[in-house]
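A quick write-up on the structure given underneath.
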Amino acid sequence: MKRLLALSLLLAGGIVGSASAAGSPPSNTGLPAISGTARDGSMLTASKGDWTGAPTSYAYQWERCDTAGGSCGSIAGANSFRYTVGSADVGHTLRVVVTATNADGSGTATSRPTGTVSASGHAPVATRLPTLTGSTQQNSTLTADRGAWTGAQPISFDFSWQRCDSAGNNCVTFIVHSHVKAYTLTAGDVGHEMRLEVTARNSHGSTSVFSNPTAVVTGPTPPATTISIARVFLPDQLVIDRVSFSPNVITSRTAPVTARFHVSDAKGLSVQGALVYALGLPYGWTYNAPEQPTDATGWATITLQPTRAMPLSRGDLVLFVRARKPGENLLAGVSTRRLVQVGIG
């Protein structure tokens, strides 16, 4: 009977001991570790560490810390055993928290922090120089293009605008390290060449390069004073607005008379290419002269030769003058007619 009682107590103690061991959650006996290079763009891999309690699953959470490995905060979405280092991690350390779980609960362990994450790549390098585009004339706008660059991302840019002499030298900066990408030329830029300095910066450093100078900036275009006859259309019409004679009094039948007629449009612009015809009256006092075109200043010159029928007593030679557009009807379109006179005596 005593032997049976002792055997019963021994079996009961073994069962209680087994139940106590099975009820323990996982416990860490070796910290998780991080392998890989702490550099922007690299991949880090976490080991789960060593555990008791036969964990059935593991969860991971990566954290971003300060350079001393403190002030850590969870990185959203970084819950795999692998983590790709991003630009936001540059200048920080990283660590991983591993949670081991079994049927009786879970336990956590945190790795030691990595070294400070460094940036990958290099300082910015220009592969195409910046440019300035636009007309180099006062009141026109120049537009900056920063060129093309390589280097670790992100890269930030600023623009400095320079005014140089007419040979593109002795440049002086008048807009410094700005975000101004367009500049309207002023009177102070006339006679100068313009140049752009672009400065690119990233975590590795900064680089500055210059555009080629523009052409010399010129003054504004003066208002138009001349128009081609081809651009004159109804309801606009030609106007014979000025007349001159040389000599201005006819005193000889043998000396020719130079008559000049100025043609403009209704807006006052000199018309180039209009055909001008002049006929002396009374008919027969001068020989007929051919039509003549107006020049670039709007003047047509016609040489009149008096006939023996012209009296030299005091009086006037009257001229019928017509200006027309080539190809149009002689009496229609934009043509105009006028009577003028020159003295005789």
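The values are calculated or read from the model by the stated rules, or taken from the named source; none is laboratory data. It should be emphasised that the depicted structure is a prediction, and the values quoted were computed from it without experimental measurement. Every residue, glycine among them, receives a Cβ derived from its backbone with ideal geometry; neighbour counts consider all protein chains shown.
Please list, ordered by first then second residue, the pairs with beta carbon atoms under 8 Å, 6 or more apart or interchain, first in the range 178-202 and in the same structural domain as Thr131 (by TED's automatic domain parsing) and within 16 Å of Cys164 (Cβ to Cβ), second among the acidic types (Asp, Glu) and part of a loop (DSSP other than H, G, I, E, B).
These pairs meet every condition: His192/Asp165; Glu193/Asp165.
Can you name the residue in the range 280-307 that is among the polar types (S, T, N, Q), in contact (Cβ under 8 Å) with a residue 12 or more places away in the chain and in contact with a Leu (Cβ under 9 Å, 6 or more places away or on another chain) and is also farthest from Ser270 (Cα to Cα) among such residues?
Among residues in the range 280-307 that are among the polar types (S, T, N, Q), in contact (Cβ under 8 Å) with a residue 12 or more places away in the chain and in contact with a Leu (Cβ under 9 Å, 6 or more places away or on another chain), the one farthest from Ser270 (Cα to Cα) is Thr286.
Name the residues in the range 207-229 that are in contact (Cβ under 8 Å) with a residue 24 or more places away in the chain, more than 22 Å from the chain's Cα centre (by Cα) and surrounded by fewer than 17 Cβ atoms within 10 Å (Cβ to Cβ), would you?
Matches in the range 207-229: Gly219, Pro220, Thr221, Ala224, Thr225, Thr226, Ser228.
What are the residues in the range 56-108 that are over 22 Å from Pro154 (Cβ atoms) and touching an Asp or Glu at 6+ places or on another chain (Cβ under 8 Å), if any?
Correct list: Cys72, Ser74, Arg95, Val96, Val97.
For Thr184, only one of the following conditions fails: (1) within 20 Å of the chain's Cα centre (by Cα); (2) surrounded by 12 or more Cβ atoms within 10 Å (Cβ to Cβ). What is its number?
Evaluating Thr184 over (1) within 20 Å of the chain's Cα centre (by Cα); (2) surrounded by 12 or more Cβ atoms within 10 Å (Cβ to Cβ) leaves (2) as the failure.
Of everything in the range 311-335, what is farther than 14 Å from Glu291 by Cα and under 58 Å from the mean Cα position of the chain (by Cα)? Give them in sequence order.
Of everything in the range 311-335, those that are farther than 14 Å from Glu291 by Cα and under 58 Å from the mean Cα position of the chain (by Cα) turn out to be Glu328, Asn329, Leu331, Ala332, Gly333, Val334.
It is to be established whether one or more residues within the range 159-174 are within 40 Å of the chain's Cα centre (by Cα) and not assigned by TED's automatic domain parsing to the domain that holds Arg201.
No.
For residues that are assigned to a loop (DSSP other than H, G, I, E, B) and polar (S, T, N, Q), scanning just the range 158-179, find the one that is farthest from Thr207 (Cα to Cα).
Going through the qualifying residues, I end up with Ser166.
Filter the range 318-340 down to the residues that are β-branched (Val, Ile, Thr) and without any contact (Cβ under 8 Å) to a residue 60 or more places away in the chain and list them by number. Talk me through it step by step, then tell me what you get.
As a first pass, look at the range 318-340 and keep what is β-branched (Val, Ile, Thr): 318, 321, 334, 336, 340.
Of everything in the range 318-340, just one residue is β-branched (Val, Ile, Thr) and without any contact (Cβ under 8 Å) to a residue 60 or more places away in the chain, namely Val318.
Consider Ala78 carefully, then state whether it is under 42 Å from the mean Cα position of the chain (by Cα), in contact (Cβ under 8 Å) with a residue 12 or more places away in the chain and not in a loop (DSSP other than H, G, I, E, B).
Here the answer is no, as Ala78 does not meet what is asked.
Residues are listed down the side, and each one gets a yes or a no for (1) modelled with pLDDT of 95 or more; (2) touching a Cys at 6+ places or on another chain (Cβ under 9 Å); (3) within 14 Å of Gln305 (Cα to Cα):
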position: Ile229; (1), (2), (3): yes, no, no
position: Val232; (1), (2), (3): yes, no, no
position: Asp241; (1), (2), (3): yes, no, no
position: Thr251; (1), (2), (3): no, no, yes
position: Val263; (1), (2), (3): yes, no, no
position: Ala266; (1), (2), (3): no, no, no
position: Ser270; (1), (2), (3): yes, no, no
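Output the number of the condition that Pro26 fails; it satisfies all remaining conditions of (1) under 20 Å from Ala152 (Cα atoms); (2) touching a residue at least 40 places away in the same chain (Cβ under 8 Å); (3) crowded, with 19+ Cβ neighbours inside 10 Å; (4) not aliphatic (A, V, I, L, M).
Every condition holds for Pro26 apart from (1).
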